[in-house]
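Below is one structure; the comments refer to it alone.
The values are calculated or read from the model by the stated rules, or taken from the named source; none is laboratory data. Everything numeric here is computed off the predicted structure, so don't read it as measured data. Neighbour counts are summed over all protein chains in view; Cβ atoms, including those assigned to glycine, are modelled from backbone coordinates with ideal geometry. Heavy atoms of the whole protein, side chains included, go into the accessibility calculation; ligands, DNA and RNA do not. Shrake-Rupley method; radii C 1.70, N 1.55, O 1.52, S 1.80 Å.
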Amino acid sequence: MEVNPPKQEHLLALKVMRLTKPTLFTNIPVTCEEKDLPGDLFNQLMRDDPSTVNGAEVLMLGEMLTLPQNFGNIFLGETFSSYISVHNDSSQVVKDILVKADLQTSSQRLNLSASNAAVAELKPDCCIDDVIHHEVKEIGTHILVCAVSYTTQAGEKMYFRKFFKFQVLKPLDVKTKFYNAETDEVFLEAQIQNMTTSPMFMEKVSLEPSIMYNVTELNSVTQAGECVSTFGSRAYLQPMDTRQYLYCLKPKKEFAEKAGIIKGVTVIGKLDIVWKTNLGERGRLQTSQLQRMAPGYGDVRLSLEAIPDTVNLEEPFHITCKITNCSSERTMDLVLEMCNTNSIHWCGISGRQLGKLHPSSSLSLALTLLSSVQGLQSISGLRLTDTFLKRTYEYDDIAQVCVVSSAIKVES
């Protein structure tokens, strides 16, 4: 007959506790008017309560701090801290004690122990303490594995371990949108939502651009000579609230001249977000490299460098166009044709030769036109023909201009 051996009692006890900041103690004020039956009884009890604020007893927020009563939530980007204690509960002296702490995630196993050296001996009622820290960089299930090995006085080697499982949650929901301007500028809109249950102080939200771009933050305005945030002086983000950040990326000068390179750039950069929660607990989150859908300009790109916002009816005005050969191998021989529309009339010779345009090079072209219709008019009707391939590129709705009566003075 088989008998299960009794579970062996260990001489050492292992305790693991998460280290978190305390919270402000809150109470529920109970008060009444003096003409009510209790009179001043409730108010006197609140004045005698040591947890209330002197002179402001009716406030829920007190002067005391409350230690954590449970494990709590752990969010991505925060620092997980834990206190590990091994206590000798026996009357024997234990030797060669080795405490090891590993953190198992879905993709890797990390050693968090400050030291891997064994402690020579541990006397009765003594303990070995250690504090581990780890910046959480993955979402999902995490398992803290604490293993203890030691040798008894009789020379028997003992070993045991404990598992502590917890979930890492997502603190922020980050959504991005890209807007490709007619120039080589790229605008990035980042929507950041607080997914936690407590307010966040947004210490920093910045964009680290890729090597080809310079970035300008568009999240502040100038008032009375001072730079003021568009979100106000208090950069708090309440639970489930969303805030939008805007950035403008411009190609560096050495890359802006190479149209073929900028055309194919999809990697823009990454967002670096730093926040603080209750009592200054800090969190940091970096996104992966943000990628945009590269605009398709074809072989020839036509963009506007200068155009007035408002023009007078039936009066000529000037625009400046930039024509770029986006091909990396082929030289083009271009001819410009200007076709009138119902409202836009081009001034000048149509069908003129622009000459040869080498790969990844560009030329600027000044054009004159007028509008015969008031209102917001779209500039259309430009045609570029490559005489080598007999291919014509059509450019309509290049830009829009506001046309007003000549009786209204247009500010330059």
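In the context of the full set of protein chains, residues of the chain present 59 Å² of accessible surface per residue (probe radius 1.4 Å, heavy atoms only). Work through the residues other than Lys276 whose Cβ is under 12 Å from its Cβ and net out their charges, Lys, Arg +1 and Asp, Glu -1. Taking every Cβ under 12 Å from that of Lys276, the sum is +1. Seen from all directions on average, region 279-412 presents a Cα convex hull projection of 13.8 nm².
For Tyr393, the solvent-accessible surface computed with a 1.4 Å probe is close to 30 Å², ligands and nucleic acids excluded.
For Asp129, the solvent-accessible surface computed with a 1.4 Å probe is close to 80 Å², ligands and nucleic acids excluded. When only Cα pairs below 8 angstrom with a gap of at least 6 residues are kept, region 303-412 shows a relative contact order of 33 percent. The coefficient of translational diffusion for region 99-179, derived via Stokes-Einstein from the alpha carbon Kirkwood radius under 20 °C and 1.002 mPa s, stands at 137 µm²/s. Normalised by 2.2 N^0.38 Å, where N is the number of residues, the alpha-carbon radius of gyration of region 316-387 equals 1.23.
Straight-line reach from Lys123: taking Cα to Cα under 19 Å and skipping same-chain neighbours fewer than 8 places apart, the lysines in range are Lys15, Lys95, Lys157.
In order along region 80-91, phi translates into HN-Hα couplings of 7, 10, 9, 9, 10, 10, 10, 10, 8, 7, 8, 9 Hz, rounded to whole numbers, per the Karplus curve 6.51 cos²θ - 1.76 cosθ + 1.60 with θ = phi - 60° and x for Gly and Pro. Database remark: amide H of Glu203 closer than 5 angstrom to the amide H of Val274, Trp275, Lys276 (H placed geometrically; neighbours at sequence offset of 5 or more, or on other chains; Pro and chain starts carry no H). Using a 1.4 Å probe on the protein chains only, how many percent of the accessible area of the chain belongs to carbon and sulfur? Result for the chain: 52 percent of the exposed heavy-atom area is carbon or sulfur.
Taking a straight Cα-Cα cut-off under 21 Å and skipping sequence neighbours fewer than 8 places away in the same chain, the lysines within cross-link reach of Lys177 are Lys204, Lys250, Lys263, Lys270. Near Asp96, once Lys and Arg are set to +1 and Asp and Glu to -1 for all other residues with Cβ below 15 Å from its Cβ, the sum equals +2.
Viscosity 0.890 mPa s, temperature 25 °C: what is the translational diffusion coefficient of region 46-199 from Stokes-Einstein with a Kirkwood Rh over Cα pairs, rounded to a whole number of µm²/s? Reported coefficient: 121 µm²/s. Over the chain, dividing the summed -39,500 (n - 2.57) contributions of all DSSP H runs of at least 4 residues by the number of residues returns a 222 nm mean residue ellipticity of -1000 deg cm²/dmol. Eigen-decomposition of the gyration tensor built on the alpha-carbon atoms of the chain gives equivalent ellipsoid semi-axes of 69, 35, 15 angstrom, largest listed first.
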